[in-house]
There are 2 protein chains.
Amino acid sequence: MPVATLVEVLDRVDDDTETDIVQDLPPEQAELVLPLLEDRETVVHLLQYPEDSAGGLMSPDVLRLQADWTIDETIQYLREQHPDSEQPYYLYVVDSDGRLRGILSLRQLIASPPNTRLAEIMTRDVISVAAHADREEAAERMRHYDLLALPVVDAEGRLLGVITSDDVLDVQVEEATEDMFRMAGLDESASIFRPIREAAPPRLAWLMVNLVTASLAAITVSLFEGTIQKVAALAIFMPMVAGMGGNAGIQTITLVVRSLALGEITTRDAMAVIRHEATLALIKGIVIGLVAGTIAAIWQDSIWLGAIVGVAMLANIANATIVGVLVPLTLKMLRADPALGSGIFVTTFSDAIGFLVFLGLATLLLSRLT
Amino acid sequence: MPVATLVEVLDRVDDDTETDIVQDLPPEQAELVLPLLEDRETVVHLLQYPEDSAGGLMSPDVLRLQADWTIDETIQYLREQHPDSEQPYYLYVVDSDGRLRGILSLRQLIASPPNTRLAEIMTRDVISVAAHADREEAAERMRHYDLLALPVVDAEGRLLGVITSDDVLDVQVEEATEDMFRMAGLDESASIFRPIREAAPPRLAWLMVNLVTASLAAITVSLFEGTIQKVAALAIFMPMVAGMGGNAGIQTITLVVRSLALGEITTRDAMAVIRHEATLALIKGIVIGLVAGTIAAIWQDSIWLGAIVGVAMLANIANATIVGVLVPLTLKMLRADPALGSGIFVTTFSDAIGFLVFLGLATLLLSRLT
């Protein structure tokens, strides 16, 4: 796009959208465009906040009222401000240093007698967010308190801007998409109609990582090649033991990743989550182990094979569940995204450990199977 | 909770929250509570809309203005209405039949000369949603147009209520959670600290379904027991072939499920999506097939085993990808949730078809392997 056209487009959009676009431009183009923008001062100011911070999400276009103004003076002031902005449903009151002191709604303004001072009707207990806080924190706060707008302040409590709930809506949807994509090893910029040339490399890279971890399972199996040669029927139950572990693990990991994302649990709840999921794993393992073991025993006419399938199933479901709790919690503690490739860890562990227990038991009890 | 306490609590919350709670009560308790509520008329009115419709999401607490009122008359009217409601940032203008005719913001109201008639400043082109539309449609519309409130109308265009963006925020988060949970076979009411007694049955039921589909893979393998007995090394590569197919399929299905949820694609795009993903599958299959085949050939010192692993990998990645596109699109066409148990279909198909191709090829080429 020619610079002139780009400037024309940027001058027409909101300050925060404008800043996001400038942030995504190649640096040399951004340098060219920036001095030509109408709102360059605002944009330069906004550029100092990372895109994923509360400051990066806010619009600086906010009106600052004084506590000693009357309703009439305030309405007069609002009339003079040419309210072309879509924003203020809430009005913010600041002191002489620009510190946020109170909030009132336009409806309160209209509903009060004209000579009331703002100090009398404003709410002093204002929920706000620090500019350098994560944008997810801002979203969480707005969702928790059912807010339509959230003021953003600096370290000294000075009002810098405001985040509206339509900005946050996009954040929440993006975050959920990101989590789903990351669990499947897709990068966040994946999209269904991304050009093949761009889509192929990251997906291939992920499958390559998968190939390495799948090799772990293959190596485990290769340790027991001799056993399989003697009892080929073991190969029949290999995918069952591994698969059931994998499915149980995916259930746990999905629940933990989502609960962390929604702020329902924190890393401090680790022990409680482990106890809870371990109990469930035991129940799942015993029931599924009994059923699968019985099927195997009848099908292959071998009590011992049935017992080995059952015990391996129990062990693997327990193993995958614990991995399903520990992987996202550990990633969270390391300040990484808990969803990051969590699927791959569960599959690797449930395959490798599942085969180790199953084929290991079979090797120990080989004399009973042949 | 005793009925008196419940009534006291319900009288304190918003109408739409109140209705949601009444909707979730056991029928006999709802019947007891309903006649005692202060806002029983509103709640009974709201109860006629399903919880997952736009009508179920709206609050009926909306002010209706007339086009021939002046700004001064309107402000007077707003003052008399005791605005305890959090809502109106937008004001709606209706005709004598209650049909939605225009919209204006409180800021416009304040900024215009006192004797202006609303007809002169209101916007006539109002974006609204039908009460019986899906709540996701309402959410999508608000997100698309960056709206903070969306009026809800009946079939005749009469204004029934308004949805605010904080309601929609919850919907979007719930829908994303639901999709993630359903892909993993968790029901939507799953939560990390759900009591074991309630959490165990649905999770067990899902694993039981998994056990049945895993048996399909086991039966497939059992058809080739003789081949495995002769070439036990085949068992080493079984989990690799199945697992890589599964991972490729999960990537595709995640992308399709999320794109459908965000309205980026519809079922009409089926052919385009299939073409796009099939091309990617071919690239992924060839590259991964070559790498895995080479590893197998060197490791087991057999060109033929390498060739079989490579071809089976290509076939299975292509198979799982096509299943990953078709399953969610078919579910969508059948008006079911595209995310519903989609993981299980991919795993089942990629395991069973993967083993069939891999062990089938090995059986055909048995003389080259022994």
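Quick note: the coordinates plus some simple rules give every number you see, no bench work behind them. Small disclaimer: the values here were computed from a predicted structure and weren't measured. Please note: Cβ atoms are built from the backbone with ideal geometry, for glycine as well, and neighbour counts cover all protein chains shown.
Return the loop-located trypsin sites (Lys or Arg not before Pro) in segment A:59-140 (DSSP other than H, G, I, E, B) with at most 14 other Cβ atoms within 10 Å of their own Cβ; answer none if there are none. Spell out each step's value before the answer.
On the way: sites: A:R64, A:R79, A:R99, A:R101, A:R107, A:R117, A:R124, A:R135; in loops: A:R124.
Answer in residue order: A:R124.
Within segment B:173-274, none of the trypsin sites (Lys or Arg not before Pro) combine a DSSP coil assignment with at most 11 other C-beta atoms in a 10 angstrom radius. Comparing Cα centroids, segment A:17-44 and segment A:196-218 end up 37 angstrom apart.
Within segment A:277-348, which trypsin sites (Lys or Arg not before Pro) sit in a loop by DSSP and count at most 13 neighbouring Cβ atoms inside 10 Å?
Numbers: sites: A:K284, A:K332, A:R335; in loops: A:R335.
Taking segment A:277-348 and a limit of 13 other Cβ atoms within 10 Å, the loop trypsin sites (Lys or Arg not before Pro) found are A:R335.
Which whole-number percent of Cα pairs in segment A:187-227 have a distance greater than 12 Å? Tail fraction, whole percent: 66. Dividing the convex hull volume of the alpha carbon atoms of segment B:117-275 by its residue count gives 204 Å³ per residue. Taking the Cα centre of each part, how many Å lie between segment B:86-142 and segment B:310-370? What the calculation gives is 52 Å, centre to centre. Counting only GluC sites (Glu not before Pro) that DSSP places in a loop and that have at most 16 other Cβ atoms within 10 Å, the longest clean stretch of chain B runs over B:265-370. Within chain B, the longest segment free of exposed loop sites, counting chymotrypsin sites (Phe, Trp or Tyr not before Pro) that fall outside DSSP classes H, G, I, E and B and have at most 14 other Cβ atoms within 10 Å, spans B:194-370. Proximity of backbone amide H atoms, modeled 1.01 Å from N, is registered between B:L91 and B:L104, B:S105, B:L106 at under 5 Å, excluding neighbours fewer than 5 places apart on the same chain. Rounded to the nearest 10 degrees, the angle from helix A:303-333 to the longest Cα principal axis of chain A is 20 degrees.
Couplings 3J(HN,Hα) of segment B:93-98, computed from phi: 10, 10, 8, 5, 8, x Hz, in residue order, whole Hz [Karplus 6.51 cos²θ - 1.76 cosθ + 1.60, θ = phi - 60°; x for Gly and Pro]. For segment A:143-157, 3J(HN,Hα) computed residue by residue from phi via the Karplus equation (6.51, -1.76, 1.60; θ = phi - 60°) reads 5, 4, 8, 6, 8, 9, 8, 10, x, 10, 10, 8, 4, 8, x Hz, glycine and proline entered as x. Residues whose amide H falls under 5 Å from that of B:A133, counting only those 5 or more places apart or on a different chain, are B:A54, B:G55, with hydrogens built in the peptide plane.
Inter-copy label distances at B:G360, shortest first and taken from points set 7 Å along Cα to Cβ: 3.6 nm.
In order along segment A:362-370, the Karplus-derived 3J(HN,Hα) couplings, from 6.51 cos²θ - 1.76 cosθ + 1.60 at θ = phi - 60°, round to 4, 5, 4, 9, 3, 5, 7, 9, 10 Hz, and Gly and Pro are given as x.
Could you work out the local net charge near A:M122, counting Lys and Arg as +1, Asp and Glu as -1, over the other residues with Cβ closer than 15 Å to its Cβ?
Numbers: positive: A:R64, A:R99, A:R101, A:R107, A:R117, A:R124; negative: A:D68, A:E73, A:D95, A:E120, A:D125.
Net charge around A:M122: +1.
Highest mobility in the GNM of chain B, judged by mean-square fluctuation with C-alpha springs under 10 Å and restricted to B:L290, B:L160, B:L106, is found for B:L106.
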